[in-house]
Amino acid sequence: MESINNANGNVESAENYLNKGNVLLDQKDYEAAILAYDKALDLNSNLAEAYFKRGFAKSEIGQYFEAISDCDAVIRLDPNHATAHYNRALLKSRLGHPKAAISDYDAAIRLNPDDASAYNNRGSAKNDIGQHFEAISDCDAAIRLNPNHANAYNNRGVSKSKLGHPKVAILDYDAAIRLNPNHTNAHYNRGIAKEKLGLTDDAKRDFQSALNLAEKMGDEELKSQIMKKLENLETG
């Protein structure tokens, strides 16, 4: 009886640490949340939710490899956890492995076929490996599921532009910007499409809009990229 009581006590303590971690996660105190989830898992290594939430917290502080390991643990415990597959795909994409990400998006969509973001992000990953026709199909699916999905319009525009159709790509960028006027990438990508069509002044305006938004975001890498585009147009 004593061992059973101790085991039950451990499970309760694990749940307490899990709940504490969840509160800290909501407060965006990610490092403290991770410590709480560590303690929960020390006491009960079968808590899929603790692995899942810890993985999210790790991803928020840039610990992508460690976050993937936590997603692995969730999927071992619950192979049908669609969001764990989805999150692992996002992490793989961030680490520059779009092909590996696609396999996880496949699983996420199989488990949750109404997830517009999974289709959109799989489309983005397919763009990254040159599968632009397939990317368009995924973006189409995302837009059918969520007609207000600005990122899906932007990604579909990228696909069309890569396939040599900047004019029709602009229509998708227009839609993305209409849905989200602060969509930095859509302004930037529309500028690229207009540049391809020889619409230099219009392209400059889009690049300037993108630059203003990038400055507000504090995205130095994107700012540098856009400034080079503007300089090239000025000197060209």
For residue 185, all conditions in the list (1) at pLDDT 95 or above; (2) over 17 Å from residue 150 (Cα atoms) hold save one; what is the number of the exception? (2)
Among 13, 3, which is the only one that is at pLDDT below 95, over 19 Å from the mean Cα position of the chain (by Cα) and either surrounded by 15 or more Cβ atoms within 10 Å (Cβ to Cβ) or under 29 Å from residue 117 (Cα atoms) (or both)? 13
For segment 23-53, what are the residues that are more than 23 Å from the chain's Cα centre (by Cα), surrounded by 22 or more Cβ atoms within 10 Å (Cβ to Cβ) and part of a helix (DSSP H, G or I)? 36, 37, 40
Could you check segment 76-134 and list, in sequence order, the residues that are outside any helix (DSSP H, G or I) and touching a Cys at 6+ places or on another chain (Cβ under 6 Å)? none
Determine whether residue 164 is free of Cβ contacts under 8 Å to residues at least 12 places away in the same chain, more than 29 Å from residue 202 (Cα to Cα) and surrounded by fewer than 19 Cβ atoms within 10 Å (Cβ to Cβ). no
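The values are calculated or read from the model by the stated rules, or taken from the named source; none is laboratory data. The model shown is predicted, which means the values in this text are computed figures rather than measured ones. A quick note on method: Cβ atoms are made from the backbone with ideal geometry, for glycine too, and the neighbour counts reach across all protein chains shown.
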